[in-house]
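Student: Pasting a structure here, questions to come.
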There are 2 protein chains.
Amino acid sequence: MGITKVDGFTSEVTQMAEILKALGHPARLAIMEYLINSPDCINGDLVDHLPLAQSTVSRHLSELKKVGLIKGTITGNCISYCINDEVWNKIKVFFNTSSDQITPGKSCAC
Amino acid sequence: MGITKVDGFTSEVTQMAEILKALGHPARLAIMEYLINSPDCINGDLVDHLPLAQSTVSRHLSELKKVGLIKGTITGNCISYCINDEVWNKIKVFFNTSSDQITPGKSCAC
DNA sequence: TTTTAATATCGTAATATTGCGATATGGGAA
DNA sequence: TTCCCATATCGCAATATTACGATATTAAAA
């Protein structure tokens, strides 16, 4: 079908899945890494750094923006994108607290 | 096209993106949470806990197994699935080290 | 105003994903 | 062996994703 069932899952799970899905693409993950490592937020050269056409990069950017992973402001005819720390931390917390729940020794020896 | 470009990205990014993509689905994320919280690894009742048909759950499980997020052993005619701590920690490390690189104050005020 | 540069959106074709029923598989029980 | 039971796989239909070129948008520059 291609349609993802959503009802029956908690909204927390659904929301986190959406965020992780957005990150689950080489280009988008590379964009995030680039934004993290770039000294400033100007990202006009993102297209040069990715093996993709400008329109494709723009589409990936809007997908990241849609789930709140990045924020952008228009300054002149350039766009400054930057990481949304709030959402990024949310992911961090999600994995850290989940990991804590893996009681050592309870994992089976498969 | 539907085909994801891979060449031009580091294998690290590509691999991590595959893992995150696997997690980027409500059912699969719910499966992971269930496996983390379940006292033991027997998961025959996973189907009862998810609003999906048995065949669909099985498909999601194999997808998680494909990227190494879970491991499974056959004991009799039951299957025990459990989290692969190694891969799970890899994700944890990825986000924690990435976050460290976000120098406070450098994030722009968008 | 016209041009230019940067980014966004549209239209499309190709491929991937999702979900389910039906069926296969494989081991234990009768 | 034959019958269950749990899980995996297949086949299909519907939808989603991806990538790109072409085009639109928007604001600064000339």
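The values are calculated or read from the model by the stated rules, or taken from the named source; none is laboratory data. Every value quoted in this text rests on a predicted model; they were computed, and no experiment measured them. Cβ: placed from backbone, ideal geometry, glycine included. Neighbour counts: every protein chain shown. All accessible areas refer to the heavy atoms of the entire protein, side chains included, with ligands and DNA or RNA removed. Shrake-Rupley method; radii C 1.70, N 1.55, O 1.52, S 1.80 Å.
Student: Would it be correct to say that A:Ile91 is at pLDDT 85 or above and either within 20 Å of A:Ala17 (Cβ to Cβ) or not in a loop (DSSP other than H, G, I, E, B) (or both)?
Tutor: Numbers: at pLDDT 85 or above: yes; either within 20 Å of A:Ala17 (Cβ to Cβ) or not in a loop (DSSP other than H, G, I, E, B) (or both): yes.
Here the answer is yes, as A:Ile91 does meet what is asked.
Student: If you don't mind, there's one more thing I want to ask. Would you mind telling me which numbered condition in (1) under 12 Å from the mean Cα position of the chain (by Cα); (2) at pLDDT 95 or above B:Ile70 fails?
Tutor: Unmet for B:Ile70, out of (1) under 12 Å from the mean Cα position of the chain (by Cα); (2) at pLDDT 95 or above: (2).
Student: Could you tell me which numbered condition A:Asn77 fails, if it satisfies all but one of (1) more than 7 Å from chain B (Cβ to nearest Cβ); (2) under 23 Å from B:Ser11 (Cα atoms); (3) open to solvent by 60 Å² or more (accessible area, probe 1.4 Å); (4) modelled with pLDDT under 90?
Tutor: Failed condition: (2).
Student: Can you run down the residue pairs with Cβ atoms below 8 Å, 6 or more apart or on separate chains, where the first is in segment A:50-67 and near DNA strand D (Cβ under 6 Å from one of its atoms) and the partner is open to solvent by 50 Å² or more (accessible area, probe 1.4 Å)?
Tutor: From segment A:50-67, the pairs are A:Leu52/B:Lys5; A:Leu52/B:Gly8.
Student: Here's something else I'd like to know. Being open to solvent by 10 Å² or more (accessible area, probe 1.4 Å), facing chain A (nearest Cβ under 7 Å) and more than 17 Å from A:Lys21 (Cβ to Cβ) is the filter here; which residues of segment B:8-38 pass it?
Tutor: B:Gly8, B:Phe9, B:Asn37
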